[in-house]
1. Packing-wise, with mean Cβ within 10 Å as the measure, how do 155-163, 31-39, 48-56, 240-248 rank, highest first?
2. Once Cα extents along the principal axes in Å is worked out from the coordinates, which option in (i) 55, 38, 37; (ii) 49, 41, 39; (iii) 55, 45, 39 does it equal?
3. Let's test the formula: R0 of 35 Å, r as the Cβ-Cβ distance of Asp186 and Asn54. What FRET efficiency results, to the nearest 0.05?
4. Once both labels are modelled 7 Å past Cα along the beta-carbon direction, what's the Val216-Ala197 spacing in nm?
5. What number comes out for accessible area per residue over the chain if the probe is 1.4 Å? Units Å², please.
6. For the chain, modelled as a Gaussian network with Cα springs under 10 Å, which listed residue fluctuates most, Leu65, Leu27, Leu132?
7. What does the charge count near Thr43 come to, summing +1 for each Lys or Arg and -1 for each Asp or Glu among other residues with Cβ under 11 Å from its Cβ?
8. Treating only the Cβ atoms of Lys and Arg (+1) and Asp and Glu (-1) as charged, compute the dipole magnitude of the chain about its Cα centre; round to the nearest 20 debye.
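The values are calculated or read from the model by the stated rules, or taken from the named source; none is laboratory data. These figures come from a predicted structure and were not determined experimentally. Quick reminder, even Gly has a Cβ in these numbers, built from the backbone with ideal geometry, and neighbours come from all protein chains shown. To get the accessible areas, we keep the full protein, side chains included, count just its heavy atoms, and leave off ligands, DNA and RNA. Shrake-Rupley method; radii C 1.70, N 1.55, O 1.52, S 1.80 Å.
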Amino acid sequence: MTRIIAVTNQKGGVGKTTTAINLAAALAREGLRVLLIDLDPQTNATVGSGIDRNQLRHTVYQVLLGESKVVEAVIASDSGFDVLPAEPGLAGAQAELTQGDESDNHRLRQALATVQHYDLMFIDCPPALNVLTLNALVAAQSVLIPVQCEYYALEGLSGLDDTIRRLQASINPGLTIEGLIRTMFDARNSLTNEVSAQLRHYYPNLVYETVIPRNVRLAEAPSFGKSVIDYDPQCQGALAYRQLATEMLQNIHPTQNDVDGSAASGSENES
């Protein structure tokens, strides 16, 4: 059965798209069939996967409007995963899909139900709670939350947590939090360590052991249309995302030796 994971945080600039692209690439290297869905009008996941957004005939925009099927819009990336790309015009969907019809929040779920041959789908969400993000949260089984360990991190998480609880009580009762990923991590920074400790205190079983460090190669890779795993496979950022992919697989498919499959087990490496 395909697992659909929404990668989201209502706060921008936390490494959301970077996480979506590089986890897709890392898991594809593990042999999984992965689809990355770009649901952000900024199209960063599309461009960062090496796709020319100006040459697209079909995108997620047409899929949401029922004018195209998912299989007609999907493009294979050079990193081994497929992409359902976005276009800047996707911003117009926010107006077209906010006419008061509750079914508009189910459009992505209905479209993805026709696609069964992937092991995992990652949905890269816009950094705001709008009709596009709601479509992602209705379609997904779980939510993956990148978190930068800074002053307002917990405040932003509180708002997202409330949104998830409301959706659990109404539209998507099976929605869960897949996990929290600490991104742009700098262990030399006292505030980083303080916020990291708070995250582990308030979300003890949800914070991944793997941390994503601040890394120049991570910032450079999107400008070349590549995942960091293809751009510089031995850099700290690439190694961290491959380690995170391994940890995620252990949580999704725990072995018989795992006691509880939670992300909070084992020793932490924040170096």
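1. 31-39, 240-248, 48-56, 155-163
2. Entry (ii).
3. Between Asp186 and Asn54 the formula returns 0.45.
4. 3.2 nm
5. In whole numbers, the chain has 45 Å² accessible per residue.
6. Fluctuation is largest for Leu65.
7. -4
8. 100 debye
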